[in-house]
C-alpha cells in the first residue's frame with residue numbers, strides 16, 4: 001500500500017513537472033497483475049471488505065427475517081412506553097409511571113455511582129495496602145500480604161454473596177435498629193443517616209468549594225513559578241486545606257448558619273427521611289472495593305519497587321526530607337509503571353459491577369434485563385448494555401491515557 | 001487457497017443455520033428428546049426431588065407431552081430457567097417448549113413471538129408476610145420493602161397495585177428464586193409477592209412455615225400456561241391436546257387405575273378418546289393410543305394436581321379455580337373428536 005502510494009506520488013509529481021517517468025511506467029507494465037504486490041494488496045483489501053460486508057449483511061438480514069417470522073417486536077419505540085415497574089434505588093426522581101428510557105437512565109446512573117465511588121475507594125485502599133506490603137514492620141507487612149492473598153483469590157461473586165448475606169443476616173430489623181449516635185441507624189434495610197435539611201445555602205457552599213479548588217490550582221502554579229525564580233517555597237498544602245474548609249464555612253456562617261436536620265424516623269415498615277445506603281449498594285461497593293484493592297495493592301508495590309534504590313539514596317544525599325523523597329522522586333517515577341495496569345483494574349471494577357444483578361442492586365444490567373423481559377426485545381436491550389459498558393470503558397481509558405501522558409517522562 | 005476453503009466452509013455453515021429451524025415436531029423426533037424449559041426451584045410445579053428427579057405439575061404436563069410424541073415419559077431434557085431468561089431461551093430455540101408457570105398476557109403472546117397453549121393452572125398474585133409484622137391486609141403495606149423476581153408479571157402487578165392504592169413500595173429484585181427467598185426469610189423485605197401457588201411453595205421452604213401468612217388479597221389474574229414459539233401450529237396442537245387429555249380424562253372419570261377397564265367401554269366418546277376408535281392420533285400426527293398411555297402413566301389432571309400441589313401435599317392448595325367446570329372451576333376441555 002505504501003509503495004503504491006509512493007509510486008503514485010512519483011507519477012503525479014512527474015506529470016506536474018511535465019516529464020513522464022518512462023522507467024516506472026515500463027517496470028509496472030512488465031509485471032503481470034497477480035505478481036504485482038501493490039495491485040494484489042488492493043485486491044486483498046477489497047476482498048476482505050466484501051467478505052466483512054457480506055457477513056454483516058447476512059447476520060443482519062437473517063436476524064431480521066427470523067424476528068419477523070416469529071413476529072417478535074423490533075425497534076426502539078418501547079423506550080417511549082411506560083415502564084410500569086419500580087426501581088429500588090435511584091439518584092434521580094423515578095416512579096413506575098415513567099418511561100423505559102428513564103428507567104434505563106436510572107440504571108445507568110446507578111452503575112456510574114457505584115463504579116465512581118468504587119474506583120476512588122479502591123485506589124485509596126490499594127495504595128495503602130501496597131505501601132503496607134513494603135513496610136519493614138513484620139506485622140503490617142504480613143497482614144497486608146495475607147489480605148492480598150485472600151481477597152485476590154476468592155471469586156468476586158462469592159464475596160458479593162458473602163457481604164450481602166452478612167448485611168441481611170447479621171443486622172437487626174428496622175424496629176430493633178442499632179442507633180450508635182443520634183441520627184444514625186444501622187439495620188438490615190441499610191445504613192440510614194440524618195442529613196442537613198434542604199436549604200439554598202448548601203448550593204452556595206458547593207459553589208465556593210469549586211471556587212476554592214480553582215484558587216488552589218492558581219496558587220500552586222504561582223508558587224511553583226516563584227520557587228523556580230527565587231527558590232523561596234510557599235506552604236501550598238496548608239493553604240489548600242485552609243481554603244477548602246474555610247471558604248464553604250464562611251459561606252455557611254454568612255448564610256445564617258442553618259442547622260435544621262433531616263432526621264430519619266421509623267414510620268411503618270421503614271425509615272423515612274435522611275439518606276439511606278441500601279444493603280445491596282453497600283455489599284456491592286464493599287465486595288468490589290475489597291476485591292479490586294488487592295490487585296491495585298500489588299500494582300502499587302510493583303510500581304514502587306520498580307524505582308531503583310539509587311534514586312532514593314540520591315534524593316536523601318541532596319538533602320530532601322522523607323516526604324519530599326516520596327512526593328518528588330519516588331511517586332512520579334512509580335506512577336509511570338502504575339498507571340497502565342491501574343487503568344485495566346478500573347475497567348475491571350466497572351465491568352464487575354454488573355454482578356449487581358445477583359444481589360439485587362438495580363444497576364444498568366439489572367434494569368435493562370427487566371426491560372428485555374417485559375418487552376421481549378433482547379437484541380436491542382443487549383445492544384444498549386454493550387454500548388453503555390463500551391462508553392464507560394472508553395471514557396475511563398481516555399482519561400487514564402491523558403493522565404499517563406501527563407505523567408510520562410519528560411526528557412529535557 | 002487453504003484460506004478460501006476455510007471461508008467456503010464458514011459461509012456454508014452460516015447458510016445452513018437458516019434452514020435449521022424447521023417444524024419443532026420434526027426437530028424433536030430427529031434428536032430423540034424434547035428440551036423443556038422449567039422452573040427448577042418452585043416446589044409443586046417444577047423442581048428436583050431428593051432422588052434428583054424433576055417433579056411437579058408443570059413437569060407432569062411435560063411428561064404427558066413426551067408420552068404423546070415418543071410413547072414414554074422420559075424423553076425429556078430439562079433446562080432450569082429464571083424468570084429473566086425463560087422467554088429468550090424459547091425465542092432462540094434453546095428449548096422446544098416452556099413449562100414454567102408462566103402467565104399468559106397479551107404482550108407476551110404478541111410482541112414476544114410466543115404462543116401460549118392451554119392453561120394448566122389458574123393463579124392470582126398475593127403477598128406472603130411474616131406474622132410478627134401484625135398486618136392483616138395488603139392495603140397496610142404502604143412503605144414496605146417488597147421482594148420480587150425481576151422480569152415477572154408480579155413485578156408489574158405489584159407496582160400497579162401500590163400505585164392504584166396511593167402507596168409507596170421499595171422493591172428488592174434478585175434474579176435467583178432461592179437467593180430471593182433467603183433474603184426474605186432473613187428479613188430484608190417485609191413481604192414477598194408472586195403467584196399465590198408459589199407463595200404456598202415458598203412457605204414450605206421457610207425455616208418455620210407457621211411464622212408466615214398469605215394476605216387475603218389476590219391482586220391479579222395469572223393464567224399459567226405452557227408456551228411454544230409463534231407460528232408452529234402443529235407443535236402447539238400437540239402441546240395443547242396432551243394437556244387437554246389430562247383434563248378430559250378427569251371429566252370422563254377416567255383415572256390411572258380404571259383406564260384399562262375403560263378401554264372396554266361401549267361409550268363412543270370414551271372409545272374415541274382412548275384411541276379404540278381411530279382418528280384423533282392421526283389428525284395430530286401421533287400414535288392412536290397416546291391418550292391411553294398418558295393416563296396409564298400419569299393419571300388425569302385431578303390426580304396430578306392432588307399429587308403435586310393438593311391438600312395432602314406441603315403446599316395444601318385447594319382446587320378452587322382449577323376444579324373442573326362441572327364443579328364450579330375453570331378447567332374445561334374441548335371434545336376429543
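The values are calculated or read from the model by the stated rules, or taken from the named source; none is laboratory data. Fair warning: this is a prediction, and the values are worked out from it, not measured in the lab. Positions of Cβ are generated from backbone atoms using ideal geometry, with glycine treated the same way; all protein chains shown enter the neighbour counts.
Overview of values
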item: Residues of region A:36-67 satisfying the condition of being at the interface with another protein chain (Cβ under 10 Å from one of its Cβ atoms) and either within 16 Å of residue B:112 (Cβ to Cβ) or outside any helix (DSSP H, G or I) (or both); result: A:66, A:67
item: Residue within region B:115-131 that is part of a helix (DSSP H, G or I) and facing chain A (nearest Cβ under 10 Å) present; result: no
item: Search result, residues across region B:155-175 that are more than 7 Å from chain A (Cβ to nearest Cβ) and in contact (Cβ under 8 Å) with a residue 60 or more places away in the chain; result: B:157, B:158
item: Unique match (being in contact with a strand residue (DSSP E or B) (Cβ under 6 Å, 6 or more places away or on another chain), touching a residue at least 60 places away in the same chain (Cβ under 8 Å) and surrounded by fewer than 16 Cβ atoms within 10 Å (Cβ to Cβ)) among B:330, B:324; result: B:330
item: Residue in region A:162-183 that is within 25 Å of residue A:118 (Cα to Cα) and away from chain B (no Cβ under 14 Å) present; result: no
item: Hey, residue A:88 within 9 Å of another protein chain (Cβ to nearest Cβ) and under 35 Å from the mean Cα position of the chain (by Cα) or not; result: yes
item: Out of B:254, B:270, sole residue that is in contact (Cβ under 8 Å) with a residue 12 or more places away in the chain, part of a helix (DSSP H, G or I) and either in contact with a helix residue (DSSP H, G or I) (Cβ under 8 Å, 6 or more places away or on another chain) or surrounded by fewer than 16 Cβ atoms within 10 Å (Cβ to Cβ) (or both); result: B:270
item: Search result, residues across region A:68-83 that are within 9 Å of chain B (Cβ to nearest Cβ), without any contact (Cβ under 8 Å) to a residue 40 or more places away in the chain and outside any loop (DSSP other than H, G, I, E, B); result: A:69
item: Residue in region A:371-398 that is farthest from residue B:151 (Cα to Cα), counting only those that are in a helix (DSSP H, G or I) and modelled with pLDDT under 90; result: A:379
item: Residue match in region A:351-365 (condition: crowded, with 23+ Cβ neighbours inside 10 Å, more than 14 Å from chain B (Cβ to nearest Cβ), in a helix (DSSP H, G or I) and modelled with pLDDT of 90 or more); result: yes
item: Lone qualifier among A:292, A:239, A:259, A:276 - being more than 18 Å from residue A:184 (Cβ to Cβ) and either touching a strand residue (DSSP E or B) at 6+ places or on another chain (Cβ under 9 Å) or without any contact (Cβ under 8 Å) to a residue 60 or more places away in the chain (or both); result: A:239
item: Tally, over region B:273-303, of residues that are within 22 Å of residue B:323 (Cα to Cα) and part of a loop (DSSP other than H, G, I, E, B); result: 2
item: Subset of region B:48-71 [in contact (Cβ under 8 Å) with a residue 60 or more places away in the chain, in a loop (DSSP other than H, G, I, E, B) and surrounded by fewer than 20 Cβ atoms within 10 Å (Cβ to Cβ)]; result: B:71
item: All positions within region A:41-80 that are exposed (fewer than 14 other Cβ atoms within 10 Å of the Cβ) and under 30 Å from residue B:158 (Cα atoms); result: A:75, A:76, A:77, A:80
